[in-house]
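Down below is the structure, laid out as structure tokens.
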Amino acid sequence: MNISGNSTSNVGEQGIGTVILFLSFGVLAACICKLILSQLLKNKVPAPFTVIVLILGLIIGIITAHINQMNNDFLLGEQELNGINPHLIFFIFLPLLIFDSAFNSRFHVIQPQIISAILLAGPGVFICTIIVALCAVYIFPYHWSWIDALMFGSILSATDPVAVVTLLHESGASKSLAALIDLESLLNDGSAFVIFSIFKDIVIKKATTTTSIIVEIVKFTMGGPAFGLACGILAVFILNLLNNELEIEIISTFGLAYLIFYLADVELGVSAVLAMVVMGLYMAKHKYCISSHVQLPIASTWRIIIYFINILIFMITGIILAHSLVGTQKHVDAIDFGYSIVLYLALHIARLLAAVILHPFIKWSGVNLSWKEYIVLVWSGLRGSMAVILALMVDSEKVIDEMTRHRVLFHICMIALLTLTINGTSSKFVVRFLGLNHGTPESETVLLQALQHMRKQTSEQLYKMKRDKQFTDVDWIILNEYLPEKLVQEMDAKRRTSVHRRLSITPEHDVIGVPADSRSKIVTSAVELSEVPTIIENDAVSHASISSQHCTLHHDFVLRMFGFRATDSHKSQNMRNELITRFLTALSVDYEKQWYIGKIRRSTLYILIESVEKAKHHCSLKLHWELLVQECRLSPFLWYLIRFNKINWVNKQSARLLFDHIFLTIELILAFHSARTRMENIRLLFPELVSIDPQIWNEVYQETSFYHQMATYILLDLKESYPVCWRVEMTKRCAQMLLKYESTAIKELYQTGMLGETERSHILELIEKKLFNLEFSHVKMPKTEQKTIENTFDLLFFVRSIPDSEKLTWEAIIKSKHEWFQPGEVLIEKGKIVSSAYLIVRGVVQCEIDTHYIMYRSSNIIGIDALFSKNLTAYGTYSVSGGLMEAYRIDTTLLNQLLVDDNIAPSIYCEIASHILSNKYQQNLKLNRLQVTLLLQNRAKFYRKQNGLLIHVEEYDRLFLVAGSISYCSKGENLVYDSILFKVFQTPTDILLDRSTVAYTWKNEDEIYLVKNDTINSRFSIQNFGSISNDLIYPRYSAQLVELSEY
């Protein structure tokens, strides 16, 4: 199409049309280049795709720059783009590029790098600016002023390492290094732009006073991030109110990027780049503000748009570079090319110097980079579109003399061209030469086992196919090209690795024809499940769980604490860390699945994912559990509110908030409860992983079992302590399951033609609405179901034995002793004198003894043995486990009151005897802690206030004297014994009690009965945990759902 007409509007319209024509051609040409690189050249060209697009634009620009007559639309379109206003590029492309880099970043990966990135983007940019300015003043013969030189240096401080970051991600190198380079680029774009704006304003006489310069610096550096943070908070709040609104949520993110960028730069005059970075990072941290069903589409949409924008911007940059190099010829001599090379070297020296100076501070921030990674960090300082845009802005300022503008533009374009072509193209060789294209030895080992698993599975499938008659005509030799070995060979050729060689020497076990259940048995034998500790509480675990442990009669059933052996080698520690990291990664995917199918809320998911990522950073399952326990703590405000307890309205509000907190605790612990199940799945589905190091795997497996059983214990206590909360939460889960089932059924009915499009969409809309309501609220319980927490006094184990006429009196007596305790709070320290015992009403207390935990719950009185006996110190350190604890503090005065009451005393003495026998005389008994309690409650005879009673004991009978004294005749001698005493009689004996005597007697047969009888069940057994089935977490239909991708 030729240009006709002299109308300005017609020329403008045709100019737009020619630009679209040229850009369309450019995009298609870039796509063709991509196909040639991947399909014909098999990706053998080392240059990244963005550099190829830049070179393509450069070639087109150089050719068209030497064409004098612009007589067709293609050339006119190229001419229009060459003269494009740099501010237009700034406002069209930069908002999306910066927001995408921040919003679609893995915040949990870059979070540990934030301080290091700020160091590189702050002092690092300043160092680079100073060195470039020194080079411009003392090496360049241009006689630039220091202001001009500093403005020039600030432009070259803006890096664009997109090619290197992409390469690092593809090569499997350190994620932390790639994250640091990417985040540093984001932040130093902002800081470099701030420095550039300050010096440009000075050059063009906009800022003339010291005060105005300081105001501008503060406004840019503080105002931009503050505005971005405020917008991020508002955006997250609004997006949280949307539920699976696909189009609205995706379009909103694009609209936000442009709107906030414009408001920051034009209306507020703050740093738009820093505002966009902060807003994007805040939204990345709260990425689940995007609905579950929109997560994948929005990621795909942004990926396509950014791919398209990168093509456009690098094509335009190439054209501008070409015309800039050609257009500045009258002010540029041949020696200026040499100065550009000197400047290129100076930039790397500046970046190296910045890395050396900042190394101690980067290490202090927790980022430990090797010298090889520092080389990549220095080499990744590419200059790209941002630097060119800033140079064009300088070139558009007519206040600056033409020679300075052209020389600035020339050198910036040369540096962009050199860094993109040299550094961008050679980065792959640098990474490979330094050996950073491989993972750690441990990750390579895990990869090898994963490939071994794939080879074995493929072998089984191939064996079945060979026996299938429909495949009798298959050429099995040709099929070898599609086996895992061939795929690994091609991967090695692409990555320059030797995985196939290592896989070839790995023995391939003959598993063909072996039933799956037999293989599972083999794997189970490799990890001795009998070594996994079983949780047994002081008064509640069935004997059925004891028999499976193959323990001695004197074994204590407790939770064993875990720590890695100090004598293990560094290699073993690394392998253990690798396995834990893999497991925690699987756990985070597990949490996302639970959110995806509606089992946990967004707020709960944030907590779970954040704790997982912190645990991954430290390679610690224990840290993940501890962080979850911290979330079970009450906020200071609610903590004060529930202890205030004086105004009725305040009590109602505190009860409502407490209910919400209990709901959160139940959700968190239930979600974590899947940890053991996830580990079981990995163990059964991928037995090769176990074979890497069975001992390490066994330790990790036991550690997950330990925390799983801790979660089990807390869940069971929550179920009994807060039945209304538990019922509401379980009802909510069932409601979500039913709605998901209904949604699946509706889709199936539609696919079979039983439902029309209109009915399907209406019903699914109603289902989504109900699911959304459950996300932010709870199910409505019947009005008869009072949302109140039971009175703590009514939960006490001895209340049932108190006459109704005395209950009010006792409630008034102990009311002042009621206290709340937070998770992790230490109640009694080991070896200390105990001044108060604690009667647990709700919650779980763990007693740490050497390498074990003993768990106590409702109705247990911890520290009662030391308080009663006075001469005993605390047996262990008692602290509140995960979840709140309510208890009554029992001092000596209250204990004496309880022991005087004839209705209450038997229960209290039973608790005292149970603790003393378990803690002091365990080695003399055949029983564990639970069995001691059951013995005293059900089998032993209790004596109290029976002055002058003569009792007869047989041979091997036992007597435990709790208080007072006894007398008996032995070998013709009258003996008197005072409490506390445990004795096994070797001959039949008559014992005389006095009024102060409190004692228990039982027979040897009673102990044997408790050990051997499998029918004894406790009221609070681990086996009763079936009511919290994993089906509530993983409904059967969940396998049909699309899994979330890892971000």
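The values are calculated or read from the model by the stated rules, or taken from the named source; none is laboratory data. Fair warning: this is a prediction, and the values are worked out from it, not measured in the lab. In this analysis, Cβ positions are derived from the backbone assuming ideal geometry, glycine residues included, and neighbour counts consider all displayed protein chains. Accessible surface is based on the protein model in full, side chains and every heavy atom, while ligands, DNA and RNA are left aside. Shrake-Rupley method; radii C 1.70, N 1.55, O 1.52, S 1.80 Å.
Per-structure values
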read-out	value
Rounded accessible area of LYS593 (nearest 10 Å², 1.4 Å probe)	60
5 angstrom amide H check on VAL834, placed H, neighbours 5+ away	ALA874
Integer Hz, Karplus 6.51/-1.76/1.60 couplings in order for segment 757-764, x for Gly and Pro	4, 5, 5, 4, 5, 5, 5, 5
Accessible area per residue, Å², segment 713-870 with all protein chains present, probe 1.4 Å	51
Karplus-derived 3J(HN,Hα), 6.51/-1.76/1.60, for each residue of segment 124-129, Hz, glycine and proline x	x, 5, 4, 4, 4, 4
Sorted peptide list for 270-278, 57-65, 236-244, criterion being average Cβ within 10 angstrom, highest first	270-278, 57-65, 236-244
Interchain or long-range residues, amide H under 5 Å from MET855's placed H	ASN538, LEU559, CYS847
Amide H contacts under 5 Å for LEU382, placed H, 5+ residues apart	ASP160
Solvent accessible area, Å² - TYR968, 1.4 Å probe, full protein context	20
Whole-Hz ³J(HN,Hα) from phi, Karplus 6.51 cos²θ - 1.76 cosθ + 1.60, for segment 633-644, glycine and proline x	6, 6, 5, x, 5, 5, 4, 6, 5, 6, 8, 5
Gyration tensor verdict on segment 294-419 (Cα atoms; rounded if a/c is under 1.5, prolate if a/b is larger than b/c, oblate otherwise)	oblate
Length-normalised contact order of segment 14-80 in % [C-alpha pairs under 8 Å, at least 6 apart]	65
Ordering of 338-344, 932-938, 31-37 by packing [mean C-beta count within 10 Å, highest first]	932-938, 338-344, 31-37
Cross-link pairs beyond the 26 Å C-alpha cut-off, checked among LYS719/LYS815; LYS652/LYS732; LYS830/LYS945; LYS622/LYS770	LYS830/LYS945; LYS622/LYS770
Percent carbon-and-sulfur accessible area, segment 574-734, ignoring ligands, DNA and RNA, probe 1.4 Å	57
